[in-house]
Amino acid sequence: MPQLAYVNGQILPLASASLHVEDRGTQFGDAVYEVCAVLNGQILDWQPHRVRLRRNLAELGITLDIADGPLGLQARRLIARNGHQDCLLYLQVSRGTARRDHVFPADAPANLVMTVRRFDFAQRVRQLATGIKVITQGDNRWGRVDIKTTGLLPNVLAKQAARAAGAFEAWMVADDIVREGSSTNAWIIKDGRIITHPTGTHILPGIARDSLIRLAREAQMLVEERAFTLTEARAADEAFLTSTTAPILPVVAIDGQAVAGGTPGPVTHRLAELVWNEVARQTGWRA
Ligand code: PDD
């Protein structure tokens, strides 16, 4: 079956789907996006994803002329037409196509594109047994990383540095504070407390992060939303990361130094049970 993409109301073969060369997403990174997990053909956490998308559009003053209901329907239609059960849905909204000029165009409608690609969620469950390694990088991003824009060059460079070092993720550090990963949120556990950077302008408010906080609190576990230092992370009992594409993965090394003896710990294991049970509750998916 050929891969299909959605472009401004039409579903087209991915190979021939395109935006104009003067799309503002390309020229200025003037675009926002969402990545949603789809398991058993069901979009996980669709409601918080669309709420975050609307917030980001509002922050940047981009008008998207499609209501939430039809947007969800089009996304589901694209998933079904591609015939995927387990995939990632990518959704991008740029300010539109216009002659290059920094000033907002007066009459350009936003460009909405969606793509899907197969994704092996079972691999993420298998990785729970071994955990993953992270390196650290300086956080040199702009001051509003809470807005999910396509301007991801620092994240791309950080992730590439991680891969070059044989690590899964790069944690972005500023003034010794661990903010988040290049595409994931960062967590540590100390004395039974589950600690992650507070929301604000320094991190992306991850949907997986939010979901984990809720699940942990419902299970009477202690969650602290506060900044933590790299020194604390190195001395943590356990560490892990969360995102749509890695719902929860134990971190077993930071910059080549073992965390928690270099093996996934019991609190992370318990949290992983909660996370994957929630996935099963919403979508029926099981590894
Ligand atoms: N990244 N922090 C950053 C910088 C991110 O880019 C992401 C998501 C997250 C986790 O957010 P969520 O739980 O909503 O996925 C945190 C997506 C998956 C990406 O860019 O591919």
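Structural remarks
- Criterion violated by Thr115 - all others in (1) away from the ligand (no atom under 13 Å from the Cβ); (2) assigned by TED's automatic domain parsing to the domain that holds Gln74; (3) open to solvent by 40 Å² or more (accessible area, probe 1.4 Å) satisfied: (1)
- Candidates are the residues of segment 177-223 that are of a type in the set (Asp, Glu) and loosely packed, with under 13 Cβ neighbours inside 10 Å; the one that is farthest from the ligand (Cβ to nearest atom) is Asp191.
- Applying a threshold of 6 Å to beta carbon distances and a minimum spacing of six or more residues, or different chains, the list of pairs starting in segment 75-90 at a residue that is over 16 Å from Asn8 (Cβ atoms) and ending at one that is part of a loop (DSSP other than H, G, I, E, B) and open to solvent by 40 Å² or more (accessible area, probe 1.4 Å) reads Gly83/Met1; Gln85/Asn40.
- Scanning segment 118-140 for residues that are among the basic types (Lys, Arg) and surrounded by 19 or more Cβ atoms within 10 Å (Cβ to Cβ) yields Arg124, Lys133.
- Selected residue [over 24 Å from Leu215 (Cα atoms), among the acidic types (Asp, Glu), open to solvent by 60 Å² or more (accessible area, probe 1.4 Å) and not assigned by TED's automatic domain parsing to the domain that holds Ser243] from Asp68, Asp107: Asp107
- Looking at Val93, Val145, Val134, just one residue is within 20 Å of Gly206 (Cβ to Cβ), outside any loop (DSSP other than H, G, I, E, B) and not assigned by TED's automatic domain parsing to the domain that holds His49, and that residue is Val134.
- Asn155 meets all of the listed conditions (1) surrounded by fewer than 19 Cβ atoms within 10 Å (Cβ to Cβ); (2) within 29 Å of Ala58 (Cβ to Cβ) but one, namely (1).
- Qualifying residue in segment 262-281 (condition: open to solvent by 10 Å² or more (accessible area, probe 1.4 Å), assigned to a strand (DSSP E or B) and at pLDDT 95 or above): no
- When residues of segment 50-70 are limited to those that are in contact with a Leu (Cβ under 8 Å, 6 or more places away or on another chain) and in contact (Cβ under 8 Å) with a residue 24 or more places away in the chain, the one nearest to Arg117 (Cα to Cα): Leu53
The values are calculated or read from the model by the stated rules, or taken from the named source; none is laboratory data. Note that the structure is predicted; figures quoted are calculated from it, not measured. Here Cβ is always computed from backbone atoms with ideal geometry, including for glycine, and neighbour counts include all displayed protein chains. When the accessible area is computed, the model is the full protein with side chains, heavy atoms only, and any ligands, DNA or RNA have been set aside. Shrake-Rupley method; radii C 1.70, N 1.55, O 1.52, S 1.80 Å.
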